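In what follows, a structure is listed as structure tokens, so that the remarks can point back to it.
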Amino acid sequence: MANKNVNGVSSNGMVDLTTDAPPEPQSPELKRTMKNDGTFWIDYDSFLMGFHNVDVVLAFEGNHAKSFSTNFPVKKSNHRCARAFELSAVPRQPGEEGSCSQVEVYVMIIQKTKRGASRGRTDRKVSYKACDTGILVGEQLSSNKERLGSVDGRFFGVNRNGHIKLTLDRNNVNRRLVMPISFGHPAATDDERSFVVRVVSDAPLFVQEIPTLPKMNLALERFCFGDKILSLSNSGTSSHRGVQGTKTMLIEQKTGNTHLFKVLRVDCLAGGGGTVLLFLIVNDECFLQSDEADISLSIEINCRGMICRTADGLEKHEVISKGKKFEAAWRRFSLTFTKESRSRLLAACVQSGQDFQMGSIKCSKLKSTSELGPMSKFVSKQSKPEASSKTKPSQKFDNYQEFGVFSSFDTSTDAFSSGFIDLSSTFNNTNTHFGGRQDEVIELYPNPSGNAHNVDQDLNAAIMASIMENQSGQNNTTENNSSFDDDMSKAIAASLKDN
């Protein structure tokens with residue numbers, strides 16, 4: 001045995017921690033106090049058996065931090081943001097040291113752990129299920145409190161925590177609104193469905209909860225189609241990297257060279273985001289002057305480990321194929337939207353488990369109930385009202401209190417010129433705005449292991465054909481569905497002309 005000195009330190013520099021009187025560690029920062037101060041000693045082998053993952057806290061000496069309690073919306077609510085917070089930099093004070101005028105801010109969402117969720121509960125055996133989360137950050141316009149300027153943000157999927165980084169200028173009065181958003185619902189947590197929003201900054205910051213939430217349908221529209229906040233970035237681990245907001249057109253309809261409407265898929269899957277949004281964008285003024293009475297759509301969504309929410313709540317699904325052990329089954333959501341006439345969010349598909357994958361989304365236009373066939377357009381031609389006398393589109397989803405994030409919004413020429421919404425390129429130039437061809441396919445999100453998902457052998461032909469169709473490119477559904485009717489219409493028109 002090596003010789004020990006009076007402090008319990010051997011001649012070779014090793015410290016004996018088994019003595020009755022604990023020795024003085026060589027570093028004063030590791031001094032054993034024998035108090036319940038959160039510090040403990042553990043040998044390396046026991047550490048490896050007890051801790052499989054280690055997170056390094058992003059913290060700097062002198063930072064300012066404050067946590068704010070908030071909560072997830074109830075399961076059936078269309079208002080997917082419960083609380084919002086305003087951030088503003090504190091102006092430089094007289095005599096303050098330092099010359100930096102930029103304030104670096106981290107905004108984090110932190111959900112409870114399984115242990116924290118079960119604390120104080122009688123049903124401790126109930127497993128805890130985290131919820132999908134996201135953060136939208138908007139620039140507040142001083143001229144109109146209900147409207148936001150640029151909106152940026154991040155979706156984090158089903159992760160216990162996630163964060164974004166932004167910069168504030170202490171010399172300018174610029175405010176940021178932080179809006180936590182979620183489309184799913186937590187499980188086995190407290191009655192308030194609570195989680196924490198934590199703000200960390202390297203300089204004094206003024207944070208307050210705003211009494212009136214901004215309209216989240218407009219905030220989400222600005223996030224998907226508006227300008228981004230240049231001072232906001234995503235920082236930290238590699239799981240938060242990647243481009244979110246990639247757009248793909250599912251279906252469109254034109255009258256001449258003018259678009260009447262489009263259905264767009266907005267993917268926020270990168271970096272584990274786990275969220276896909278489906279938008280109907282209507283050219284209000286052109287649609288009002290067209291012969292279209294309304295828009296009826298059929299949408300089929302194939303995915304696994306995901307849920308789908310619309311204005312009617314969480315949608316039911318059919319199981320197409322069961323997955324292997326510990327793998328999620330393939331689901332199909334069949335949605336129908338009738339008498340649509342204004343732009344709005346149609347549906348949101350979000351991650352509901354650790355194993356998930358987004359498959360194909362197919363959209364087709366349904367025939368109006370008033371159309372009985374190709375002959376009807378000639379029979380009713382004389383009685384059709386003039387385009388100028390067409391009434392205003394239906395206000396079916398205008399009630400924000402009822403429909404929340406799924407309520408409709410304007411996409412008129414006045415809206416374009418005011419800068420409130422910039423969708424002119426959406427209607428004028430699809431290829432440059434959406435980064436590729438109309439049939440460009442978005443890469444499917446890989447499984448957590450990083451390997452491509454191998455579809456089960458028993459996956460039926462329907463889902464396989466659906467996925468292959470999405471990977472090989474999509475055709476214009478409107479033209480395919482109406483080809484037979486167009487041929488019939490030409491034949492009938494020629495017959496009437498001869499008569």
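Numbers for the structure displayed
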{"read-out": "Residues within the range 217-240 that are modelled with pLDDT of 90 or more and either β-branched (Val, Ile, Thr) or over 15 Å from residue 152 (Cβ atoms) (or both), tallied", "value": "1"}
{"read-out": "Selection from the range 303-347 of residues that are part of a strand (DSSP E or B) and in contact with a helix residue (DSSP H, G or I) (Cβ under 8 Å, 6 or more places away or on another chain)", "value": "310, 320, 321, 330, 332, 343, 344, 345, 346"}
{"read-out": "Residue, nearest to the chain's Cα centre (by Cα), within the range 325-362, restricted to residues that are charged (D, E, K, R) and open to solvent by less than 30 Å² (accessible area, probe 1.4 Å)", "value": "344"}
{"read-out": "Residues (under 15 Å from residue 411 (Cβ atoms), crowded, with 19+ Cβ neighbours inside 10 Å and of a type in the set (A, V, I, L, M, F, W, C)) located in the range 282-324", "value": "282, 286, 287, 295"}
{"read-out": "Strands (runs of 3 or more DSSP E) fully within the range 1-116 counting 2 or more residues that are at pLDDT 85 or above and open to solvent by 80 Å² or more (accessible area, probe 1.4 Å)", "value": "64-71"}
{"read-out": "Count of the range 45-84 residues which are of a type in the set (D, E, K, R), more than 26 Å from residue 220 (Cβ to Cβ) and touching a residue at least 60 places away in the same chain (Cβ under 8 Å)", "value": "1"}
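The values are calculated or read from the model by the stated rules, or taken from the named source; none is laboratory data. Fair warning: this is a prediction, and the values are worked out from it, not measured in the lab. In this analysis, Cβ positions are derived from the backbone assuming ideal geometry, glycine residues included, and neighbour counts consider all displayed protein chains. When the accessible area is computed, the model is the full protein with side chains, heavy atoms only, and any ligands, DNA or RNA have been set aside. Shrake-Rupley method; radii C 1.70, N 1.55, O 1.52, S 1.80 Å.
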